[in-house]
Every structure is written in structure tokens, then in C-alpha cells.
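Asker: Please see the structure below; I have some questions.
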Amino acid sequence: MQDDLNDAVDWAVKQGIADPKRVCIVGASYGGYAAMRAAQRDPAKYRCAISYAGVSDLAAMMRYDSRFLYHGTRKAWLKEQAPDFVAVSPVHFAAQFETPILLMHGKKDRRVQVSQSREMAEKLKAAGKVQGRDYIYVEQPLADHHFSREADRVEFLEQMDAFLKAHNPA
């Protein structure tokens, strides 16, 4: 999937649609994982990254998911796609992050536990990354996975706007 995202960026650049110096990747849930992975794996391609409710540790996510219906089917499929969860989990490679990243997560998220983003932020700090410069972590105390509350949607958009103004100004 990460290769597909990079291919899409390359295509958009070749078409003249995107400026290769101003590409920022944004996603939520699985898209949040893709944004984290891009910031970790392909820092030269992305000027900045934004992850909302993203998965940083696939093994931990699968353990959490084991409580849900159809877990066995999804686990088998995911293992086919990524036989080594550690190798593709950004949380294990915090030192490799060079792309500034905004991490946001709702504390009441029942789909992807807030610990996924919280631990990523802790690992970034432990790797010497600076909060406010290299990463920003915002934990929304009443937010869920689906932006059910208007206040949480507005806060996310305001945080994203400020982050983009700082890391990818027009």
C-alpha cells in the first residue's frame, strides 16, 4: 500500500497536479497508519504528515482486535499482507522519523485504542524528537473514532490548519 501511495504522488507530480516539495499525507484510522508509515519510511517524499486515530503497532492492534467478530479472517489476511508486523509498525522506528507529524487521537476511541498514538508520541520523544517541532500530539478527552462530536471535528480542523501553516505554508 505504501508503494501505491508513493506511486500516486509520483503520478500527480508528473501530471503537474502536485508540487513534489509540498506533499503532505493525511489519514485517519488505517489512513493514519499510512501517514505514520510514510513519515517513517519515506521522509524525502512527504513534507509533513497528519494521523488521526492511526495504528502505530500492528501486533498490538491485532491483539486488541481479537475481541471482535471475524477477527480470525482478518488476522489471516493481514498476516498474508505483512508477515512481520514489527517490520511495518512505525512505533518501532521512531528514530527514522524526519517528516514532521501531527498525531491526534480521541481518548474514547473504541475502534483504535488511544494508546496507538500515545505510544507513538512517547517513542518519538524518547528518540530525541521535539514536541512542537518534529511532532505534535493532541489527545482529545471526549473524542471517539468517528468524530461524533462537532467540537472534536472543529478542534481537529483547527489543529490541522495550524500544523499545515507551520509545516507546509502556502
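The values are calculated or read from the model by the stated rules, or taken from the named source; none is laboratory data. Values in this document were obtained by computation on a predicted structure and should not be read as measured data. Every residue, glycine as well, gets a Cβ built from its backbone with ideal geometry; the counts of neighbours run over all protein chains shown.
Asker: Which residues, counting only those in segment 104-120, are touching a residue at least 60 places away in the same chain (Cβ under 8 Å) and not acidic (Asp, Glu)?
Answerer: Within segment 104-120, 111, 112, 116, 117, 120 qualify.
Asker: While we're looking at this one, here's another question. Would you confirm, using the coordinates I've provided, whether residue 150 is of a type in the set (Asp, Glu) and closer than 14 Å to residue 54 by Cα?
Answerer: The answer is no for residue 150.
Asker: Right, next: Here is a list: 17, 25. Which entry is without any contact (Cβ under 8 Å) to a residue 24 or more places away in the chain and among the β-branched types (Val, Ile, Thr)?
Answerer: Within the list 17, 25, the selection yields 17.
Asker: Between 64, 30, which is within 12 Å of the chain's Cα centre (by Cα) and at pLDDT below 95?
Answerer: 30
Asker: With respect to residue 114, is the statement that it is in contact with a Gly (Cβ under 8 Å, 6 or more places away or on another chain) and β-branched (Val, Ile, Thr) true?
Answerer: Against the criterion (in contact with a Gly (Cβ under 8 Å, 6 or more places away or on another chain) and β-branched (Val, Ile, Thr)), residue 114 qualifies.
Asker: How many residues are part of a helix (DSSP H, G or I) and charged (D, E, K, R) if we restrict to segment 1-35? Walk me through it before giving the result.
Answerer: Initial filter on segment 1-35 (part of a helix (DSSP H, G or I)): 2-14, 30-35.
If we keep only those that are charged (D, E, K, R) too, we end up with 3-4, 7, 10, 14.
Matching residues across segment 1-35 total 5.
Asker: Looking at 129, 79, 75, which one is at pLDDT 95 or above and among the basic types (Lys, Arg)? Write out each step before concluding.
Answerer: Working: 79 fails: at pLDDT 95 or above; 75 fails: at pLDDT 95 or above.
After ruling out the rest, the residue left standing is 129.
Asker: Let me ask something else about it. Quick check on my filter: what residues within segment 110-126 are of a type outside the set (S, T, N, Q), crowded, with 18+ Cβ neighbours inside 10 Å and at pLDDT below 95?
Answerer: Scanning segment 110-126 gives a single hit, 112.
Asker: Quick check on my filter: what residues within segment 121-151 are closer than 13 Å to residue 100 by Cα, touching a residue at least 12 places away in the same chain (Cβ under 8 Å) and not in a loop (DSSP other than H, G, I, E, B)?
Answerer: Selection gives 121, 124, 135, 136, 137.
Asker: Just to be sure, is residue 37 at pLDDT 95 or above, within 24 Å of residue 132 (Cβ to Cβ), surrounded by fewer than 20 Cβ atoms within 10 Å (Cβ to Cβ) and not hydroxyl-bearing (Ser, Thr, Tyr)?
Answerer: no
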